[in-house]
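The values are calculated or read from the model by the stated rules, or taken from the named source; none is laboratory data. Since the model is a prediction, treat every value here as computed from it, not as a measurement. Cβ coordinates were reconstructed from backbone atoms using ideal geometry, including for glycine residues, and neighbour counts include every protein chain displayed.
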Amino acid sequence: MIEEQESGNARAAILLVTRNLPPLRGGMERLNRHIAIELASGFRVLVVGPIGCRAHLPATVDVHEAPVRPLWRFLARALLLSLSQGRKARPRIVLAGSGLTAPIAVITAGIMHARSAVYAHGLDLVTPNLLYRALWLPFLRRCDVCIVNSRNTARLARQVGIRQERITVIHPGVELPVETGNDGCAAPDFRQRHGLQACKVMLSVGRLTPRKGIPEFVRQALPRIVSACPDVVLVIIGDEAPNALQGSGLGAGERLMECARELGLERHIRMLGACEDAELAIAYDVADLCIFPVRALPGDVEGFGMVAVEAAAHGLPTVAFDVGGVGDAVADGCSGRLVPAGDYDMFVEQVVQTLQIGRTVEVSAACRRFAAGFEWRKFGARLSDRLRQLVSNDGSLP
């Protein structure tokens with residue numbers, strides 16, 4: 001058995017190939033970082049990733065870096081690194097951190113007589129780019145295992161021809177905050193720095209891409225929310241995703257504030273840009289509500305909704321449109337409210353109602369109980385178990 005082979009220095013090797021790692025920012029980047037961290041507790045992990053990622057991974061992980069841009073250069077360099085390191089380490093599994101690197105995983109695994117796996121996020125299955133669909137999707141179908149982040153992404157995987165038996169849903173994880181008792185001044189300081197004293201705070205976390213729906217929320221929902229709750233402020237944390245492959249949203253922040261000025265709502269919005277994890281954690285603790293007004297767009301999809309689970313881990317409820325995989329990330333009536341896609345009337349109603357109820361002890365406790373099921377340790381155990389099945393004694397596949 002593989003467990004016996006992993007004793008001492010004979011642990012099975014896994015090669016993770018991905019463009020999505022810090023220092024790039026986003027949910028996929030955090031997820032891939034934790035994939036490497038969690039797998040390193042039971043496997044010998046090698047990573048081929050973007051330049052700068054070594055600083056964000058444990059010293060026990062063998063890291064090899066490739067330039068992020070242009071994209072073709074990353075893919076070419078990542079393939080060469082995967083082949084050269086694969087020959088040395090002889091990995092049992094080559095894991096693509098998204099559909100983008102699935103061809104590299106399949107090619108490398110084939111040459112190394114290893115197994116191939118991919119973690120699919122949703123957009124990598126539905127993107128309308130014809131070249132991608134013609135060249136990349138066949139490689140996703142050839143992967144021995146396709147791990148997906150939600151039930152909706154599993155449905156999309158089946159639609160593009162990936163066999164049901166090879167699809168496994170493993171939701172992304174979350175880091176549960178540790179109560180230290182030493183940050184009593186953090187929340188008042190955050191409020192003071194951003195002019196939020198005596199305000200109710202709605203928090204939006206995510207890159208300013210069209211799918212996230214923030215401009216539409218400001219136009220169609222914020223005026224009515226402000227009318228019902230005059231002291232409310234929308235705090236937006238996230239950059240314009242300059243490294244995104246689709247929907248970079250460049251210039252979105254300026255257009256958003258111009259819209260707010262036209263509506264006379266500029267004093268009800270604070271744009272903080274990208275924040276470090278510590279600052280983001282304080283924002284979750286300070287806020288009264290997290291909003292996630294995601295849009296259903298052709299050729300784009302919200303694969304899961306990690307922000308909602310992160311908010312819940314801090315005891316913060318979320319009001320979200322039930323789009324894509326968001327229904328797996330919000331427990332309706334427990335960690336927040338799910339609203340039918342595009343129904344701004346109901347969205348406003350749920351936001352106002354949640355703000356009026358307030359962030360009570362009971363509300364926060366329910367959120368934290370829900371988030372506990374997504375702890376990174378549990379994610380790592382599920383992922384490791386699935387990959388061990390892939391390289392079990394007989395090596396049979398569905």
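Some points to look at:
- Whichever residue in region 266-309 is assigned to a loop (DSSP other than H, G, I, E, B) and in contact with a His (Cβ under 7 Å, 6 or more places away or on another chain) and, among such residues, is farthest from His194 (Cα to Cα): Gly303
- Taking region 99-165 as the region of interest, the helices (runs of 4 or more DSSP H) fully inside it that hold 2 or more residues being in contact with a helix residue (DSSP H, G or I) (Cβ under 8 Å, 6 or more places away or on another chain), surrounded by 15 or more Cβ atoms within 10 Å (Cβ to Cβ) and modelled with pLDDT of 95 or more are 102-112, 123-126, 137-142, 151-159.
- The listed residue being of a type in the set (D, E, K, R), touching a helix residue (DSSP H, G or I) at 6+ places or on another chain (Cβ under 8 Å) and either assigned by TED's automatic domain parsing to the domain that holds Leu31 or buried (at least 22 other Cβ atoms within 10 Å of the Cβ) (or both), out of Arg77, Arg73, Arg92, Arg69: Arg92
- Verdict on Tyr132 being under 18 Å from Ala36 (Cα atoms) and either of a type in the set (Lys, Arg) or not assigned by TED's automatic domain parsing to the domain that holds Gly325 (or both): no
Results for (1) touching a strand residue (DSSP E or B) at 6+ places or on another chain (Cβ under 7 Å); (2) part of a helix (DSSP H, G or I); (3) hydrophobic (A, V, I, L, M, F, W, C); (4) free of Cβ contacts under 8 Å to residues at least 60 places away in the same chain, shown as yes or no for each residue.
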{"site": "Ala55", "(1), (2), (3), (4)": "no, yes, yes, yes"}
{"site": "Glu65", "(1), (2), (3), (4)": "yes, no, no, yes"}
{"site": "Val68", "(1), (2), (3), (4)": "yes, no, yes, no"}
{"site": "Arg73", "(1), (2), (3), (4)": "no, yes, no, yes"}
{"site": "Arg77", "(1), (2), (3), (4)": "yes, yes, no, yes"}
{"site": "Leu80", "(1), (2), (3), (4)": "no, yes, yes, yes"}
{"site": "Leu83", "(1), (2), (3), (4)": "no, yes, yes, yes"}
{"site": "Lys88", "(1), (2), (3), (4)": "no, yes, no, yes"}
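- Any hit, region 358-368, residues being in contact with a Ser or Thr (Cβ under 8 Å, 6 or more places away or on another chain) and at pLDDT 95 or above: yes
- Glu276 satisfies every condition listed in (1) among the acidic types (Asp, Glu); (2) modelled with pLDDT of 95 or more; (3) surrounded by fewer than 17 Cβ atoms within 10 Å (Cβ to Cβ) except (2).
Listed here are the residues, each with its yes/no results for (1) farther than 30 Å from Val169 by Cα; (2) in contact with a Gly (Cβ under 7 Å, 6 or more places away or on another chain).
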| site | (1), (2) |
| --- | --- |
| Ala320 | no, yes |
| Asp332 | no, no |
| Gly342 | no, no |
| Phe347 | no, no |
| Gln350 | no, no |
| Gln353 | yes, no |
| Arg368 | no, yes |
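- Test: residue in region 213-227 that is assigned by TED's automatic domain parsing to the domain that holds Arg295, free of Cβ contacts under 8 Å to residues at least 12 places away in the same chain and over 15 Å from Arg295 (Cα atoms): yes
- Answer residue from region 327-379, given it is assigned to a helix (DSSP H, G or I) and of a type in the set (D, E, K, R) and is surrounded by the fewest Cβ atoms within 10 Å (Cβ to Cβ) among those: Glu362
- Residue under evaluation Pro230, criteria (1) at pLDDT 90 or above; (2) not in a loop (DSSP other than H, G, I, E, B), criterion not met: (2)
- Any hit, region 174-182, residues being under 17 Å from Gly325 (Cα atoms) and either touching an Asp or Glu at 6+ places or on another chain (Cβ under 7 Å) or modelled with pLDDT of 95 or more (or both): yes
- Restricted to region 297-326, and to residues there that are among the acidic types (Asp, Glu) and surrounded by fewer than 24 Cβ atoms within 10 Å (Cβ to Cβ), the residue that is nearest to the chain's Cα centre (by Cα) is Asp300.
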